[in-house]
Amino acid sequence: MSNSFGKLFTVTTFGESHGPAIGCVIDGCPPGLAIAAGDFRADLDRRATGRSRFTSQRHEPDAVEILSGVFEGRSTGTPIALLIRNTDARSKDYGELLDTFRPGHADYTYWQKYGIRDPRGGGRSSARETTMRVAAGVVAKKWLAEHHGIRVRAHVAQIGGLVPRAFDAAAIEGNPFFWPDATMLDEVEAAIDALRKAGDSVGARIDVVAEGVPPGWGEPIYGKLDGDLAAALMSINAVKAVGIGDGFDVVTQKGTQHRDELAPDGFLSNHAGGILGGISSGQAVTASVAFKPTSSILVHGRSVNLAGDAVEVRTKGRHDPCVGLRAVPIVEAMVALVLIDHALRHRAQCGDVGRVEPRIAGAAPR
């Protein structure tokens, strides 16, 4: 039923937006990794709703319960089960949608596939499900950092027509937009406030970089590192496009510009996003992710009901004017989950392959 992803580091999520709880099972986590409930707090807070007026005002504590797979603070190598209880669901906001399909949502496609759907906040199709991806990503990030020194970081690179005029990594975590240009915060705030007042929404682009990825991860054909990254990132709710490295910009580039030439002291560029032939090159792995404007808006839209009659829909409840503002930790989590899976897969097949020459200066260590 495709609720699991990963081959050696496998994550299975379960639960609905307005059900009693959401959760995940992580299978394949190496033993001995220190894990405590408090480890999840920072990234879950980064993803959470209700932390500012610019996101949905649903308030969930997102307290993680570790049900299995951890003994005396360390992973045992057995399945790690994590649970988060839903405490602030308002199902009454969706009462009028029992017999109506919201335009732009998964209501119609879920109905066609299953013949039944949970209309409360979108049920399984809700972004609430991504909470557990972030939780699993915390485990992946910790292992990658400890064993390979890998750091995965993302930021919002575009909101509607707004693009940062400068980049300051230190500014990203200091504002509710994950925006890298502190001089534009008033401008971004005004744009989001205008959307909220109009009852409308807008899309966003998130850029992500994984530093410290060693060369050799990934597989040549069906297990390409970039292919798995693209699939993982595309699986996030509301994502409509994924670019690796320069992404769609490669269309206008010449071969002389795009090819990443090599010199004894390192690569001269990174248009390929740190992946060549599906295998990591030792450079930073980079990707961009495009999020559509959420369709849960206060502006009336045309649709049909279960009887096939024309109706008008106005989505009530608590929703995001720009869903991309909460997606930074989700994007980071999915990249980390793909990387740890490939790290374990590479170790399983090629772990006894020694140091290979030549070694390009500046590339991440093997």
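Only loop residues by DSSP count here, and only those with at most 10 other Cβ atoms within 10 Å; note down the trypsin sites (Lys or Arg not before Pro) in region 68-177 that meet that.
Answer by residue number: R165.
Which is the longest run of the chain containing none of the GluC sites (Glu not before Pro) found in DSSP loop states (not H, G, I, E, B) with at most 10 other C-beta atoms within 10 Å?
Longest run free of exposed loop sites: 73-260.
Hand me the chymotrypsin sites (Phe, Trp or Tyr not before Pro) from region 83-181 located in a DSSP loop with no more than 16 other Cβ atoms within 10 Å, in residue order please.
The qualifying sites are F167.
Could you work out the relative contact order of the chain, using alpha carbon pairs under 8 angstrom and six or more residues apart, expressed as a whole percent?
Contact order relative to length: 22 percent.
If you average the C-alpha positions of region 169-210 and of region 332-348 separately, how far apart do those two centres end up, in angstrom?
Here the two parts' Cα centres lie 29 Å apart.
When the dipole is taken about the Cα centre of region 4-350, and only Lys, Arg (+1) and Asp, Glu (-1) are charged at their Cβ, what size is it in debye, to the nearest 20?
680 debye
How far apart, in nanometres, would the label points at L185 and I116 be if each is projected 7 angstrom from Cα along the Cα-to-Cβ direction?
Going from the L185 label point to the I116 one covers 4.9 nm.
Which ³J(HN,Hα) values in Hz, rounded to whole numbers, follow from the phi angles of region 222-239 under the Karplus curve 6.51 cos²θ - 1.76 cosθ + 1.60, where θ = phi - 60° and Gly and Pro get x?
The phi angles translate into 8, x, 4, 4, 5, x, 5, 5, 4, 5, 5, 6, 5, 6, 6, 3, 6, 7 Hz.
Please report how far the C-alpha centroid of region 211-230 lies from that of region 148-166, rounded to the nearest whole angstrom.
First find each Cα centre; the distance between them is then 21 Å.
Identify all aspartates and glutamates with a Cα-Cα distance to K142 below 15 Å; exclude those on the same chain that are fewer than 8 residues away in sequence.
Within reach: D39, D43, E211, E332, D341.
We did not get these values from a lab; they are worked out from the coordinates using the rules stated. It should be emphasised that the depicted structure is a prediction, and the values quoted were computed from it without experimental measurement. Here Cβ is always computed from backbone atoms with ideal geometry, including for glycine, and neighbour counts include all displayed protein chains.
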